[in-house]
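The values are calculated or read from the model by the stated rules, or taken from the named source; none is laboratory data. For clarity, every value in this text was computed on a predicted model and none was experimentally measured. Here the Cβ positions follow ideal geometry from the backbone for every residue, glycine too, while neighbour counts run over all protein chains shown.
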Amino acid sequence: MDLMQGLNEPQQRAVACLQGPLLIVAGAGSGKTRVLTFRIANLLEHGVPPYRILAITFTNKAAREMRERVDALIGDAAQDVWLSTFHSFCARFLRMELEHYGRYAKNFVIYDAADSKGLIRECLKELNIDEKHTAPGVVQAHISDAKNRLLDVAAFTAQATDFFAEQVAKIYALYQSKLQENNALDFDDLLMLTVELLTKNEELRTKYQKKFQYILVDEYQDTNGAQYAITKLLAAEHRNICVVGDADQSIYGWRGADMRNIMNFEKDYPEATVILLEQNYRSTKNILAAANAVIENNLTRKKKELWTDNPTGDRITIYEGATEKNEASYIVREVERLHTMFHVKYGDIAVLYRTNAQSRNIEEAFYATGVPYAMVGSVRFYDRREIKDIIAYLRVIYNPRDTLSLLRIINVPRRGLGPTSIARMMETAEEYRISLFEVITDAQLLSMIPKLSAKVKLALEEFAAMVFTFMGQLGTRPIHEIVEDVIETSGYAAALEEEKKED
């Protein structure tokens, strides 16, 4: 197969450049995914073993798309390429190597943002800190930022110079302690622990530096301190690191992304080859002219000029509304005009907004005028209550020490447990320095908890037996079968049916 067919000249150079550091400055719509995909295919065609290639993207969707494209080009030979997001790579690495760390078992669970915030709420309550004055979300952001900058509890505490920072340091310390008790890592821990292991364990670092002969990183402008450290550590042996990015598209500074990582790539790798992808395949000339006019005001950027062979296109309309309601009314009028005069389908029109709070006036305007609309991404799949409940069941089955997940489902569906009974069981766990699950499975300890009825004790006994049953099936049955059985055996499906009837 001729991999260069259909690529423009800069794209061909990027695909063909296989030795040494490579910075691909890829403007929007310039075919960077195609270049990355063809570059992986070219490495494989040149005899590089797939397991020696590490390709990192920023979203699972991008990773899946790249995997599908490489498979289409090369076939089964691409299956062993390490192609994933940073977090997925780190989770896989830690599952294999966490024994070198000592503080966590390999069956750790991963807490998402909602789980993390819930645990921080617990910490605030335990430390008698009022949520009204110290919002869990704000604390969560500070802890996340600290981890992205590779500051552990001790380092963060040492830097705390005012009352609020000192308070966050106390919460951070308790939060980490609770994570460890639950054998749980949050998303930022995945990165931070990976850096710690690679930095402190020379044998492990050498093993992975030798393993990954070629490293490719997409959206490099969005990497934070921890992600930057991971790529730099892994690339130190062979220095065959290819990063693709565009400082002009850096929009994640608010969540730790450091644009200096891409700006300083040539300082980190003085021998680097730099290739600009400036031809845009996506937009019209008018759109590119506007974008270029805006971004050229950034005087620190690497100079490039996007261009296209596409038509000039319609001129861009800018409308400034006096109020948000006025803005929403204009949007509805424009949608109706496009639909009525130009027969544009409603489903072919998209309205984008920066914050969820802005959607209310727009929704109300659509509703009032009868324009059909659908909200996209208002509640993410994994944020739905039912999904989080089932994931909590699976986490407890995988890791019974995960108290946060256990608290979520210990009374879901209802088993007759009230807040007081749960609080007393938690107190018993703390008193005996054991996990909540160990309390549930100890008949003697349960008998010591006042006002716990025989019916509740039986329900807890059945719950524990169910968990043990599914624990024994891990690794021997397909996970989807276990999920189906959990939903039925736990009574969750029946409870949902009852909810439907009540509705």
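Computed quantities for the displayed model
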quantity: Single residue of the range 431-443 satisfying the filter (assigned to a helix (DSSP H, G or I) and at pLDDT 90 or above) that is surrounded by the fewest Cβ atoms within 10 Å (Cβ to Cβ); calculated: GLU431
quantity: Within the range 235-245, considering residues that are out of contact with any helix residue (DSSP H, G or I) (no Cβ under 6 Å at 6 or more places or on another chain) and at negative phi, the one surrounded by the most Cβ atoms within 10 Å (Cβ to Cβ); calculated: CYS242
quantity: Check on LEU98, surrounded by 13 or more Cβ atoms within 10 Å (Cβ to Cβ), in a helix (DSSP H, G or I) and in contact with a Lys or Arg (Cβ under 8 Å, 6 or more places away or on another chain); calculated: yes
quantity: Within the range 1-27, considering residues that are in contact with a helix residue (DSSP H, G or I) (Cβ under 6 Å, 6 or more places away or on another chain) and surrounded by fewer than 18 Cβ atoms within 10 Å (Cβ to Cβ), the one farthest from LYS304 (Cα to Cα); calculated: LEU3
quantity: Verdict on LEU44 being surrounded by 15 or more Cβ atoms within 10 Å (Cβ to Cβ), outside any helix (DSSP H, G or I) and not charged (D, E, K, R); calculated: no
quantity: Of the criteria (1) within 19 Å of TRP82 (Cα to Cα); (2) not in a helix (DSSP H, G or I), which one LEU185 fails; calculated: (1)
quantity: Candidate set: the range 48-92, residues that are within 18 Å of the chain's Cα centre (by Cα), among the small types (Gly, Ala, Ser) and part of a helix (DSSP H, G or I); chosen: the one farthest from LEU3 (Cα to Cα); calculated: ALA91
quantity: Members of the range 54-72 that are among the β-branched types (Val, Ile, Thr) and surrounded by fewer than 16 Cβ atoms within 10 Å (Cβ to Cβ); calculated: THR59
quantity: Residue within the range 262-281 that is among the hydroxyl-bearing types (Ser, Thr, Tyr), in contact with a Gly (Cβ under 6 Å, 6 or more places away or on another chain) and in contact (Cβ under 8 Å) with a residue 40 or more places away in the chain present; calculated: yes
quantity: Filter result for ILE295 (surrounded by fewer than 16 Cβ atoms within 10 Å (Cβ to Cβ), modelled with pLDDT under 95 and of a type in the set (A, V, I, L, M)); calculated: no
quantity: All positions within the range 77-92 that are within 16 Å of ASP186 (Cβ to Cβ) and touching a Leu at 6+ places or on another chain (Cβ under 8 Å); calculated: PHE86, HIS87, CYS90, ALA91
quantity: Set LEU23, LEU43: member being among the aliphatic types (A, V, I, L, M), under 12 Å from ILE241 (Cα atoms) and either touching a Pro at 6+ places or on another chain (Cβ under 7 Å) or assigned by TED's automatic domain parsing to the domain that holds ASP218 (or both); calculated: LEU23
quantity: Subset of the range 416-445 (residues that are within 17 Å of LYS178 (Cβ to Cβ), of a type outside the set (A, V, I, L, M, F, W, C) and within 33 Å of the chain's Cα centre (by Cα)); calculated: GLU430, ARG433, SER435, GLU438
quantity: Filter result for the condition that a residue is surrounded by fewer than 18 Cβ atoms within 10 Å (Cβ to Cβ), out of contact with any Gly (no Cβ under 6 Å at 6 or more places or on another chain), part of a helix (DSSP H, G or I) and β-branched (Val, Ile, Thr), over ILE422, ILE397; calculated: ILE422
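For every residue, the table says whether it meets (1) surrounded by fewer than 19 Cβ atoms within 10 Å (Cβ to Cβ); (2) hydrophobic (A, V, I, L, M, F, W, C); (3) assigned to a loop (DSSP other than H, G, I, E, B).
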| position | (1), (2), (3) |
| --- | --- |
| LEU94 | no, yes, no |
| ALA114 | yes, yes, no |
| LEU119 | no, yes, no |
| GLU131 | yes, no, yes |
